[in-house]
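Some notes on the structure that comes next.
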Amino acid sequence: MDLVSEDRLAKMQPVEKIRFIIDEVKDGKILVLEKGLTPEEEATLIEMTMTQIEPDDFAGIEMESYPSQTDKSLLGKLLKKNVVRTRLTVIGPANKLKTLKKDRDMISALVSSK
Amino acid sequence: MGVMGSFKKFFKRLFNKKNARIGIYGPPNAGKTTLANRILRDWTGDAMGSVSHVAHETRRARRREGVTIQSNGGSISLDIIDTPGLATKIDFHEFMELGMNEAESKRRAKEATEGVIEAVKWLENLDGVILVMDATEDPYTQVNVTVIGNMEARNLPLLIVANKTDLPESSATSIREAFPQHPMVAISALEGKNIDTFYDEVAKRFG
Ligand SMILES: Nc1nc2c(ncn2[C@@H]2O[C@H](COP(=O)(O)OP(=O)(O)OP(=O)(O)O)[C@@H](O)[C@H]2O)c(=O)[nH]1
Ligand SMILES: [Mg+2]
């Protein structure tokens with residue numbers, strides 16, 4: 001299991017970030033991202049995952065993050081875009097990582113070695 | 001369509017305010033198409049698409065323009081998009097377990113991946129989202145979290161639907177508790193339970 005610090009990801013461009021995650025997960029790694037991804041990055045990651053699915057080879061990812069918190073600041077209102085505070089996220093191959101239970105502030109996951 | 005038809009359409013676009021585009025989103029099997037069919041049947045008389053207990057039945061987004069919904073004395077015209085169920089994984093073995101042969105299952109899985117991509121792309125071209133959740137399932141799925149996050153980031157209106165409340169094991173309360181910051185309406189898209197409240201909420205949120 002790899003713990004990925006906020007700094008490590010912050011240095012990457014969004015495309016690099018998504019590529020890095022996909023490559024690691026396809027290698028069978030489970031990543032714990034300290035700071036998580038923005039909702040837009042999560043959507044891009046889902047898209048990219050879909051292009052990588054191969055029967056009998058890669059069935060996709062399991063991803064677990066907490067509902068993000070939106071900062072409804074005045075600046076956000078002016079820009080018509082809210083600042084979303086991202087939170088810890090766990091990402092792994094769908095055949096290895098199973099979410100057992102999740103609620104507002106706790107994620108229980110089961111990692112299997114197949 | 002002839003030249004006159006195109007002209008008419010062009011002028012209609014020019015002078016009529018554009019309808020709000022509302023996407024129906026959610027995990028596979030939540031009842032999105034069942035709800036879309038009900039909306040269209042109630043207000044236009046036709047249907048949106050096919051429904052199945054096998055996940056990823058909708059593998060292409062479908063749009064119906066100009067659906068006029070009346071509620072509480074007001075009326076609102078919407079373009080409604082029924083989207084393929086969003087997922088982070090698709091395993092063709094699941095379809096084989098439901099009795100499809102291997103080739104068919106692999107084809108369905110392939111089309112399903114394309115459907116998910118299409119649904120994600122549509123997110124950027126919407127004015128609002130109806131997020132359908134199966135009230136018999138755990139609401140904290142990644143798909144739900146990601147859709148809500150994207151709508152919040154863009155400051156777009158969202159209405160959460162707790163569906164399948166006709167089933168005894170359903171719990172609309174757990175959906176409300178999971179996402180308390182957004183309006184929610186509990187319905188049965190299949191039986192039509194509470195559908196008038198749903199239309200009122202749609203008019204309120206997207207009007
Ligand atoms: N009991 C019950 N079943 C429902 C309800 N709404 C939908 N269903 C059933 O759930 C299954 C899935 O319904 P669909 O409308 O195809 O779901 P969907 O979200 O469009 O699914 P995909 O297109 O595969 O993503 C079908 O068997 C429906 O009959 C409901 O309110 N109550
Ligand atoms: Mg459908």
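Worth a mention:
- Once the chain from B:Asp42 to B:Asn125 is taken as fully extended at 0.36 nm per residue, the excess over their C-alpha distance is 27.3 nm.
- Per-residue ellipticity at 222 nm, computed for chain B from helices alone with -39500 (n - 2.57) per DSSP H run of at least four residues, works out to -12500 deg cm²/dmol.
- Peptide-level mean, for B:147-158, of C-beta atoms on other protein chains within 10 Å: 6
- One Cα centroid belongs to the range B:187-203, the other to the range B:64-86; the line between them spans 13 Å.
- Those trypsin sites (Lys or Arg not before Pro) in the range A:1-59 that DSSP places in a loop and that have at most 16 other beta carbons within 10 Å: A:Lys11, A:Lys29
- Listed pairs B:Lys106/B:Lys193; A:Lys29/B:Lys106; A:Lys26/B:Lys32; A:Lys98/B:Lys110 exceeding 29 Å between Cα atoms: B:Lys106/B:Lys193; A:Lys26/B:Lys32
- In chain B the longest region clear of trypsin sites (Lys or Arg not before Pro) that are loop-assigned by DSSP and have at most 10 other C-beta atoms within 10 Å covers B:19-207.
- Stretch in chain B that is longest and holds no GluC sites (Glu not before Pro) that DSSP places in a loop and that have at most 14 other beta carbons within 10 Å: B:1-168
- B:Glu177/A:Asp7 FRET efficiency (R0 56 Å; Cβ-Cβ; nearest 0.05): 0.95
All of the numbers you see were taken from the coordinates with simple rules; none came from a lab. Every value quoted in this text rests on a predicted model; they were computed, and no experiment measured them. As a convention, Cβ positions derive from the backbone with ideal geometry for all residues, glycine included, and neighbour counts pool all protein chains shown.
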